[in-house]
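First up is the structure itself, then whatever we jot down about it.
The values are calculated or read from the model by the stated rules, or taken from the named source; none is laboratory data. A quick note: this is a predicted structure, and the numbers were derived from the prediction, not measured. Counting neighbours? That spans all protein chains shown, and the Cβs are built from the backbone with ideal geometry, glycine included. Quick note on the areas: whole protein, heavy atoms, side chains included, nothing else; ligands and nucleic acids left out. Shrake-Rupley method; radii C 1.70, N 1.55, O 1.52, S 1.80 Å.
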Amino acid sequence: MHRVPAGAAGVALLLHGGTEESHDPVRAWSGPVLRMRPFGRAIRRRDPAIDVAFLRFRVRGWNGAAADPVADVAFAIDRIAERHPNLPIVLVGHSMGGRAAIRSAGDPRVCGVVALAPWLPSGEPTAQLAGRDLVIIHGTDDHRTSPRGSAQFADAARHVARSVHSLSVPGGDHPMLRHASTWHRWTADAVATIVGDHTARSVRP
């Protein structure tokens, strides 16, 4: 995770994908890690006041009840908040990273989540999304994680989240390579909107 410079209005913490079970270490040059880099560039172009931090998980897997990525997200949030205690954080996660982002939304320093083709098994909790903004983006041709599952989770989250938006990328695949510019643009717009809305609420008398 890189160091966030002073002067930022918010931070997007980007979380890559992984697999269900694996204790293999995550390599910096792996596909899931590299796949998030264009999203960081798109977010910076969309709003230079929003900085981007990249988290590389310790291991590739979720690993059942251990939920290893969730502990890594908590660590990363702590490091950002130590240097910038008042900055809102938006979690942006792909696949397993999307699940980790949603699970981590209850941290008081998190104002919203953008979940990209998230892996959301049945029964995923929603209570931690109370007061948060949630955007889920899923490709219609995803055969690894379920677009229908994402839509169902969005419906459940509407009962607790501050706002929920569920977007479909026509023809979009799980690696987000098809129609990549759409994925990047929609994600950058979502992050900018979440940070902007949070800032507006914070200064409202």
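Per-residue ellipticity at 222 nm for the chain, helices alone: DSSP H runs ≥ 4 residues times -39500 (n - 2.57), over residue total, nearest 500 deg cm²/dmol? Intermediate values should be presented prior to the final figure.
Numbers: 6 runs with 74 residues, N = 205.
For the chain, the value works out to -11500 deg cm²/dmol.
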Per residue, what accessible area does the stretch 78-204 have, given a 1.4 Å probe and all protein chains present, in Å²? 42 Å²
What do you get when you divide the Cα radius of gyration of the chain by 2.2 N^0.38 Å, with N the number of residues? 0.93
How fast does the stretch 160-205 diffuse by Stokes-Einstein, in µm²/s, taking the Kirkwood radius from C-alpha pairs at 20 °C and 1.002 mPa s? 172 µm²/s
Among 75, 89, 59, whose Cα sits farthest toward the positive end of the charge dipole of the stretch 50-91 (+1 at Cβ of Lys/Arg, -1 at Cβ of Asp/Glu, about the Cα centre)? 59
Can you name the helices of the chain, as whole DSSP H runs, whose Cα span along the helix axis is 20 Å or more and whose Kyte-Doolittle mean is not below -0.5? 68-83, 180-203
Highest to lowest packing among 134-140, 78-84, scored as the average C-beta count within 10 Å: 134-140, 78-84
Return the carbon/sulfur percentage of the accessible area of the chain, one whole number, probe 1.4 Å, all protein chains in place. 53 percent
Treating only Lys and Arg (+1) and Asp and Glu (-1) as charged, each at its beta carbon, one finds that the chain has a dipole about its Cα centre, in Debye to the nearest 20, of 540 debye
Report the Cα centroid-to-centroid distance between the stretch 180-201 and the stretch 29-68 in angstrom, as an integer. 16 Å
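What's the magnitude of the charge dipole for the stretch 26-85 around its Cα centre, counting Lys and Arg as +1 and Asp and Glu as -1 at the beta-carbon? Answer in Debye, nearest 20. Each step should come with its number before you reach the end.
Details: 12 positive and 6 negative charges, 86 e Å.
With only Lys, Arg, Asp and Glu charged at Cβ, the dipole is about 420 debye.
Report the relative contact order of the chain, percent, no decimals, based on alpha-carbon pairs under 8 angstrom and at least 6 residues apart. Don't skip to the answer; put the middle values down first.
Working: 434 pairs, mean separation 41.4, N = 205.
Value for the chain: 20 percent.
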Whole-number D in µm²/s for the stretch 84-205 (Stokes-Einstein; Kirkwood sum over Cα pairs; 25 °C, 0.890 mPa s): 172 µm²/s
May I ask for the Kirkwood hydrodynamic radius of the stretch 1-83, worked out over all distinct Cα pairs and given in angstroms to one decimal? 13.5 Å
Hey, what do the phi angles of the stretch 138-146 turn into as Karplus ³J(HN,Hα) couplings, whole Hz, using 6.51/-1.76/1.60 and θ = phi - 60°, x for Gly and Pro? 9, x, 6, 9, 7, 10, 10, 10, 9
